[in-house]
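The values are calculated or read from the model by the stated rules, or taken from the named source; none is laboratory data. Please read these numbers as outputs of a predicted model, since none were measured by experiment. Glycine also receives a Cβ, built like all others from the backbone with ideal geometry; neighbour counts cover every protein chain displayed.
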Amino acid sequence: MIEHFLQFDFLRHTFYTSLLIGLIAPLLGTFLVVRRLSLLADALSHVTLAGIAFGLFMEKRFTSSWITPIQSGMVFSVIGSLFIERLRTIYKAYQEIGIPIILSGGVGLSVIFIALANGFNTDLFNYLFGSVSAVSRVDFLTILFIAIGVVVILFFFYKELLTLSFDEEYATVSGLHSKRIHFLFIVLIAFVIAASIRIVGVLLVSALMTLPVASALRFAKSFKQLIVYSIIFGEFAVVAGLISGYYMSIPPGGTIVMIAIVLLIGSIVIQKFISNRQRKEQK
């Protein structure tokens, strides 16, 4: 693989993109899990699929489409995040209801646009489950720009997001613009999901935002540790999954997720072993 990595540009783009995704997906996933909004990633991933199917339909309908599938996926994902935020204000007592509503709408639109685009094809399969060869230089630069934006925004709004994650009511009472911060956060999630689909696939991207965090929760003793451990687990899963998928000639999304699950099971077993050992020592 090293020889091919040095020879082919698309492999370098794929590897660098994977490192970026392994950073930003678990990074935002920590806030997502702590806020108990893990299903938000699933909802937006299905809306992104609808956008991708729309982009493929446009490419089929018009020879020179003004928008690519990845761009239309981002647009749909952001629009979906806006609708979820709007539904939160309408159903104040049942704010989480917006997530399954948007998820259902995303699935419905996906079916319609996939049918209009003459069903499944190789391009759609790559978007669903990821691909080693699908990442272009433009895709890499787009994801690099998104990654830089995510890191910069989290750096400047870290305290606000942390407060909002653990106590939304206190954040509102203390004068924090909770609605604006939540809106910014949900838009970031939409962009990261849309950016990650090239490697992980739209149906599996939510797993990369939650599984590394679940593994890190077994060991982290503070929120900052949770972020660091989540990124470490995420990077390992992405790199190992990408290499495994390359050698086995299968979509990397599946191998990335399965390695993340193995890491989760291993973290649970190790943490349980440590706890049992500490109990024995105390006796």
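For segment 126-161, give me each residue that is part of a helix (DSSP H, G or I), touching a residue at least 24 places away in the same chain (Cβ under 8 Å) and farther than 14 Å from HIS13 by Cα. Correct list: ASN126, TYR127, LEU128, PHE129, ILE146, ALA147, GLY149, VAL150, VAL151, ILE153, LEU154, LEU161. Being surrounded by fewer than 19 Cβ atoms within 10 Å (Cβ to Cβ) and closer than 24 Å to LEU184 by Cβ, is that true of even one residue in segment 44-58? Looking for residues that are surrounded by fewer than 19 Cβ atoms within 10 Å (Cβ to Cβ) and closer than 24 Å to LEU184 by Cβ, one finds none in segment 44-58, hence no.
Selection over segment 45-77 of residues that are free of Cβ contacts under 8 Å to residues at least 24 places away in the same chain and among the hydroxyl-bearing types (Ser, Thr, Tyr) gives a count of 5.
Kindly provide the set of residues from segment 214-273 that are polar (S, T, N, Q) and surrounded by fewer than 21 Cβ atoms within 10 Å (Cβ to Cβ), ordered by number. Of everything in segment 214-273, those that are polar (S, T, N, Q) and surrounded by fewer than 21 Cβ atoms within 10 Å (Cβ to Cβ) turn out to be SER222, GLN225, SER244, SER249, SER267, GLN271.
Close Cβ contacts (under 6 Å, 6 or more residues apart or on different chains) running from residues in segment 78-95 that are surrounded by 13 or more Cβ atoms within 10 Å (Cβ to Cβ) to residues that are basic (Lys, Arg) and in a helix (DSSP H, G or I) comprise GLN95/ARG88. Anything in segment 199-226 that is at pLDDT below 85 and either over 11 Å from the mean Cα position of the chain (by Cα) or among the hydroxyl-bearing types (Ser, Thr, Tyr) (or both)? List them, or say none. Hit for segment 199-226 is SER206, nothing else.
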